[in-house]
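Shown next, in structure tokens, is the structure this report addresses.
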Amino acid sequence: MGLFGFGKKKHHDDDAAREKDAKKARQNAADADDVNDAAADGQETQQPEPAAQAKEQDVSQDVEVAAESEQSQGDEQPDYPTEPSEEYEGRGEDWGPWDVNDEYVPDYDDYLDLGAYYIPFMKGIELRIKAARANKAVLGATITYGTSSLEVEAFAAPKTLGLWDDVRADLLDSKSDVAKEVPGVFGTELILPVPIKEGKMVTTRIVGVDGPRWMLRGIFSGKAATDPDDEETRALNRFFSQIVVERGEEPLAPRDLIPMHAPVTPGERRAAQEQAQQDAAQIPDRPKGPFDSDQQVEQKTTLSRGPMFSEVR
């Protein structure tokens, strides 16, 4: 009896254990099915709390913005040339001085009009106009900024060839003992000491840029001629590169100065344009045909008979 009883309890325990294991296996299978279904639906089994999720999103956005900012700063280009070179490339596309017909010419409506070229406004500069004593004709302009200055002149040039190489060669021949060529931000330029009062010398930096049928020459002095890293140098380099030249259609010989006039402000230029439009509007329309308006045509014909000559031989 005892053995039977013990043996019966053992079988009972074994059955209970097997049932427990089977139940556990069924539960594990059900859990596995739930996980697979959630993965198939693109859902995560555990979701972060809303606050934590928002914080992670903000951090990721900040990182993206910072990365974009660094990239934009790295890709940002200055609006004027900064690296010295022997050849000046990119004029009319990346850099100025500009021509009024360039595709990428800046908006110069607010520039000061001097006839041959338009100059931008810059805080802290002084403008002096160079004129001939005889007829007061304007010949050029000098811009002073701090202790530096920039003299600007515009010359007519051939249609197909540049002018700066020839002008620079002539200056070297005439000043061979003191002038020297160096690479500059506007291409090859000249460093030329110039005598002033009391036997003193001042160093000038002469640059020339060729455009379509024109050459713009700039003569820098002061820090802008001797210290390429000075703030005055950078400011006047930028100023020179932003000038817009208007050659015009007037026939001029190469090396002739392009005609200039006294400064005209943007307000004065706009007022003149409006006045011109008003004057044009007051001119009556031209008749389109003989019956477009009342007309009277009077024609007088005079017949005359001259003397008659006869000759008998």
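The values are calculated or read from the model by the stated rules, or taken from the named source; none is laboratory data. Model, not experiment: these values are computed from the prediction. Every residue, glycine among them, receives a Cβ derived from its backbone with ideal geometry; neighbour counts consider all protein chains shown. Surface accessibility is based on the protein's heavy atoms, side chains included, excluding ligands, DNA and RNA. Shrake-Rupley method; radii C 1.70, N 1.55, O 1.52, S 1.80 Å.
Odds and ends about this structure:
- Approximate spin-label separation ASP170-VAL202, in nm, with each point projected 7 Å along Cα-to-Cβ: 2.3 nm
- Phi angles of the stretch 79-94 translate, via the Karplus equation with coefficients 6.51, -1.76, 1.60 and θ = phi - 60°, into HN-Hα couplings of 8, 8, x, 10, 9, x, 7, 7, 10, 9, 10, x, 5, x, 10, 9 Hz per residue; Gly and Pro are given as x.
- Full-extension gain in nm, ASP279 to ALA131, via 0.36 nm per residue minus C-alpha separation: 50.1 nm
- Antiparallel %, DSSP beta bridges [both residues in the stretch 98-270], to 5: 95 percent
- Tensor-based shape of the stretch 117-219 (alpha-carbon gyration tensor, a/c under 1.5 rounded, otherwise prolate or oblate): rounded
- Here the Karplus curve 6.51 cos²θ - 1.76 cosθ + 1.60, taken at θ = phi - 60°, turns the phi angles of the stretch 256-272 into couplings of 6, 5, 6, x, 10, 9, 4, x, 10, 6, x, x, 5, 5, 5, 4, 5 Hz, with x standing for Gly and Pro.
- Virtual paramagnetic centre 7 Å along Cα→Cβ of MET122, amide N under 11 Å, in the stretch 139-173: 143-146, 148-151
- Available extension along the chain between THR226 and VAL178 is 15.8 nm, counting 0.36 nm per residue and deducting the alpha carbon span.
- Under the convention that each Lys and Arg Cβ holds +1 and each Asp and Glu Cβ holds -1, the size of the dipole of the stretch 98-270 around its Cα centre is about 600 debye.
- The simple spin-label model puts a point 7 Å past each Cα toward its Cβ; for THR82 and ALA272 those points are separated by 3.7 nm.
- Taking the stretch 98-270 and dividing mean pair separation by its residue count, relative contact order in percent (alpha carbons under 8 Å, at least six apart): 33 percent
- The heavy atoms of MET122 present about 50 square angstrom of accessible area, all protein chains included, probe 1.4 Å.
- For LEU112, distant residues with modelled amide H under 5 Å away: ILE119, PHE121
- Of the trypsin sites (Lys or Arg not before Pro) in the stretch 133-201, the ones in a loop by DSSP (not H, G, I, E or B) with at most 16 other beta carbons within 10 Å are ARG133, LYS136, LYS159, LYS175, LYS200.
- Within the shell of other residues whose beta carbon sits under 12 angstrom from the beta carbon of ALA157, the net charge comes to 0, with Lys and Arg scored +1 and Asp and Glu -1.
- Under-5 Å amide H pairs with GLY187, H placed in peptide plane, nonlocal only: SER85
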